[in-house]
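Notes follow the structure.
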Amino acid sequence: MVLKAFFPTCCASADSGLLVGRWVPEQSSAIVLAVVHFPFIPIQVKELLAQVQQASQVGVAVLGTWCHRQQEPEESLGHFLEGLGTIFSHEPWLQLCRERGSKSWSCKAIRQQVPVAPGVPSEDQVMLIFYDQRKVLLSQLHPPTVLPDHQAGDAVASSGSLAVVFDTVARSELLFHGDQYDEGPVRLSHWQSEGVEASVLGELAKRASGPVCLLLACLLSLVSAVSACWLWKLWPLPFIRSKLSTCEQLRHRLEHLTLVFSTQRAQSPTQLMRKANMLVSVLLDVALGLMLLSWLHSSNRIGQLADALVPVADRVAEELQHLLQWLMGAPAGLKMNRALDQVLGRFFLYHIHLWISYIHLMSPFIERILWHVGLSACLGLTVALSILSDIIALLTFHIYCFYVYGARLYCLKIYGLSSLWRLFRGKKWNVLRQRVDSCSYNLDQLFIGTLLFTILVFLLPTTALYYLVFTLLRLLVVTVQGLIHLLVDLINSLPLYSLGLRLCRPYRLAAGVKFRVLEHEAGRPLRLLMQINPLPYSHVVHTYRLPSCGCHPKHSWGSLCRKLFFGELIYPWRQRGDRQD
Amino acid sequence: MEDERSFSDICGGRLVLQRRYYSPFCWEFCLTCPGLSLCSLTAVTCTVCMILSAAIFITLLGLLGYLHFVKIDQETLLIIDSLGIQMTSSYASGKESTTFIEMGNVKDVVINEAIYILQQKVIYYLCILLKDPVEPHKISQVVPVFQCSGPVLAEEWDSWIKWWFHSKISEESPYCFPETLH
């Protein structure tokens with residue numbers, strides 16, 4: 001196999017010295033991590049390497065020599081470097097050489113133990129692959145390849161060679177602590193030589209995060225303890241809680257915050273990203289909520305809203321009354337059964353009358369309620385939207401009631417009709433066998449059955465029309481609520497931190513690598529540049545999206561149509577722990 | 001003798017009726033139609049302009065989208081022995097999308113033959129066979145290469161293969177073959 005030497009771009013301009021890194025024999029690749037400069041004492045170099053090996057479980061060793069020389073080759077240096085091969089024995093021994101100021105590189109890999117001719121060391125073909133050490137250190141491969149555990153160390157036969165490179169660089173943090181400008185015994189050159197990265201704000205945030213996390217974790221645990229108190233389990237509070245989407249959203253947010261401010265450190269980069277995503281999502285939510293709050297409280301919008309609310313509810317009730325009057329007449333030219341029509345129409349009209357009186361009773365308190373509800377927007381835009389959705393549900397409660405009445409009536413009629421239709425044909429539903437069986441009926445049974453069947457058939461258009469109208473209204477309300485829930489879901493589950501990272505620091509999220517062939521001269525080794533291929537945005541969203549509330553429609557279109565046809569009640573937004581109506 | 005009176009029509013426009021008397025047995029009546037209202041003219045012109053510019057804008061957007069996402073300018077296949085195979089597609093807008101497959105995952109590069117039974121022609125296309133990570137002897141995926149230009153007819157392949165093998169032998173670095181297709 002061709003020997004692959006991974007060389008960091010930051011060391012390309014470093015002075016001559018020793019190459020330190022990891023040798024992977026299965027893939028015949030040498031991963032150079034740093035360059036040790038002269039002067040050094042071999043014992044100290046070996047001690048440092050042993051330290052690094054113990055701390056990081058990576059087999060770091062001296063791989064060869066690096067020579068960055070002037071145009072005229074210095075003979076003494078050349079011999080000295082060759083002599084080093086005997087002190088730090090490594091198989092194969094790399095000799096990389098670069099002429100200062102030019103692009104011509106030369107590399108040789110000498111093997112002592114596999115002689116082609118006895119006594120003559122053999123040389124391998126070498127391919128140089130340059131990589132940006134800082135970017136490889138900070139990036140994370142997707143999908144994350146689980147390399148064998150740290151105790152096993154070097155078992156890399158099954159994983160890809162590139163995952164090994166990333167893993168090696170990421171684990172050798174200890175090697176990058178010392179620098180060539182430090183006063184220590186060994187002077188190294190690596191990515192930190194271009195300038196050690198640190199930021200005052202970052203350090204301060206790290207120091208402050210400990211106590212802040214502790215404080216917030218205590219507060220949050222207090223809040224969760226209060227909410228889990230036995231008082232909340234008394235009926236009808238759990239029922240109300242399960243129906244209101246606000247409570248669901250608040251619980252969801254509480255879960256998120258508990259996870260973010262937990263005092264445990266994140267085990268893996270994925271968990272860290274998840275925490276960061278949750279934090280950014282909560283912050284954005286609160287920021288948007290505060291903007292909404294300031295908009296609401298400016299120029300007395302709340303007062304205007306409260307003033308507009310009662311007339312709007314009145315208007316809706318009036319329109320419903322017109323609709324019922326129209327249904328009680330001859331709607332769309334259809335002829336209704338007068339008696340049933342009048343009964344149903346008057347029944348629903350009375351309900352609307354009750355509803356209007358209730359709204360008028362509430363009207364003095366509406367502004368206060370709205371003001372306090374508006375304050376809840378500081379908990380987040382999602383909470384405000386959930387409250388809006390709940391308010392819509394409460395204000396259209398009468399439509400929901402009408403829909404339930406209409407649906408129940410229609411459902412009863414359909415079941416009655418199907419059962420009597422079976423009787424008409426002389427068949428019966430066998431409950432035991434769950435199938436239709438033939439049955440012989442008495443004459444009077446048949447007579448009454450046929451009578452009832454005829455009655456139901458002729459009353460069907462009236463009931464069906466009422467059912468249709470109220471179902472459409474209910475579906476309209478459900479659609480509006482659905483859109484609000486969709487928006488809430490979007491804010492909840494979008495991984496903003498990951499998207500921002502992909503935009504600003506694309507090398508952090510790597511889908512893979514890409515290679516570019518650098519200028520090639522005859523007789524010189526092949527040089528490639530390895531760059532990081534960032535993850536596409538769709539994959540970022542797919543991998544890092546946060547789990548949402550789970551309030552998704554559980555039905556497919558087919559089952560929805562079937563339920564509508566048979567008059568079964570539909571609940572598109574089933575929340576967790578809901579009871580059947 | 002001339003006489004003039006103005007009336008308004010059913011749409012509110014102004015009509016002018018002129019009456020000319022030449023002689024007791026010769027009268028002329030002249031009715032002037034309501035003039036073109038400037039408001040309606042500008043409104044209609046603006047609407048048409050907006051519709052046209054919206055259509056132009058949408059066409060431009062569509063063209064940009066086509067150039068950026070659909071129209072592939074050039075495809076490159078880079079084979080590095082013992083490292084892997086890299087496929088790059090560069091689009092007309094300059095975007096480049098790269099996929100790198102490690103050599104450990106590649107079983108082989110093959111030329112597949114496809115026979116169109118109804119159209120009665122035979123085509124050849126190059127593809128990469130990927131190994132299954134769980135079972136190394138099974139093939140998990142077949143990745144066709146040079147997707148934009150599509151498959152090549154049999155006669156063309158002959159000259160392709162001969163040229164490729166010839167260049168492989170004469171090339172000094174036997175372990176890296178860049179293969180470019182426009």
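Any read-out appearing in this document is the output of simple, stated calculations on the displayed coordinates, not a laboratory observation. Predicted model, so just to flag it, every value in this text is computed and none were measured. For neighbour counting, all protein chains shown are included, and Cβ atoms are generated from backbone atoms with ideal geometry for every residue, glycine included.
Below is a table of values for the structure above.
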quantity: A:Ile352 surrounded by 15 or more Cβ atoms within 10 Å (Cβ to Cβ) and either assigned to a loop (DSSP other than H, G, I, E, B) or touching a residue at least 24 places away in the same chain (Cβ under 8 Å) (or both); calculated: yes
quantity: Qualifying residue in the stretch B:89-105 (condition: touching a residue at least 60 places away in the same chain (Cβ under 8 Å) and more than 14 Å from chain A (Cβ to nearest Cβ)); calculated: no
quantity: Sole residue being over 21 Å from A:Thr543 (Cα atoms), within 14 Å of chain B (Cβ to nearest Cβ) and among the small types (Gly, Ala, Ser), chosen from A:Gly512, A:Gly482, A:Gly523; calculated: A:Gly523
quantity: Output for the stretch A:198-249, where each listed residue is in contact (Cβ under 8 Å) with a residue 12 or more places away in the chain and assigned to a loop (DSSP other than H, G, I, E, B); calculated: A:Leu244
quantity: Subset of the stretch A:6-16 [more than 12 Å from every other protein chain (Cβ to nearest Cβ) and either crowded, with 24+ Cβ neighbours inside 10 Å or closer than 16 Å to A:Arg171 by Cα (or both)]; calculated: A:Phe7, A:Pro8, A:Cys11
quantity: Residues satisfying the stated conditions in the stretch A:206-237, i.e. over 18 Å from A:Leu257 (Cα atoms), surrounded by 11 or more Cβ atoms within 10 Å (Cβ to Cβ) and aliphatic (A, V, I, L, M); calculated: A:Leu237
quantity: Hits in the stretch A:357-379 - residues which are surrounded by 16 or more Cβ atoms within 10 Å (Cβ to Cβ), within 39 Å of the chain's Cα centre (by Cα) and among the aliphatic types (A, V, I, L, M); calculated: A:Ile366, A:Leu370, A:Val373, A:Ala377, A:Leu379
quantity: Those residues of the stretch B:106-129 which are under 29 Å from A:Ser161 (Cβ atoms) and among the hydrophobic types (A, V, I, L, M, F, W, C), in sequence order; calculated: B:Val106, B:Val109, B:Val110, B:Ile111, B:Leu126, B:Cys127, B:Ile128, B:Leu129
quantity: Residue match in the stretch A:532-555 (condition: more than 14 Å from the chain's Cα centre (by Cα), within 14 Å of chain B (Cβ to nearest Cβ) and either of a type in the set (Val, Ile, Thr) or farther than 25 Å from A:Leu279 by Cβ (or both)); calculated: yes
quantity: Positions within the stretch A:505-538 being farther than 16 Å from B:Leu78 by Cα, touching a residue at least 60 places away in the same chain (Cβ under 8 Å) and part of a strand (DSSP E or B), in sequence order; calculated: A:Leu509, A:Ala510, A:Ala511, A:Ile532
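One line per residue, one yes/no per condition, for (1) closer than 30 Å to A:Val24 by Cα; (2) part of a strand (DSSP E or B); (3) within 14 Å of chain A (Cβ to nearest Cβ):
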{"position": "B:Leu15", "(1), (2), (3)": "no, yes, no"}
{"position": "B:Glu28", "(1), (2), (3)": "no, yes, no"}
{"position": "B:Leu36", "(1), (2), (3)": "no, no, no"}
{"position": "B:Met87", "(1), (2), (3)": "yes, yes, yes"}
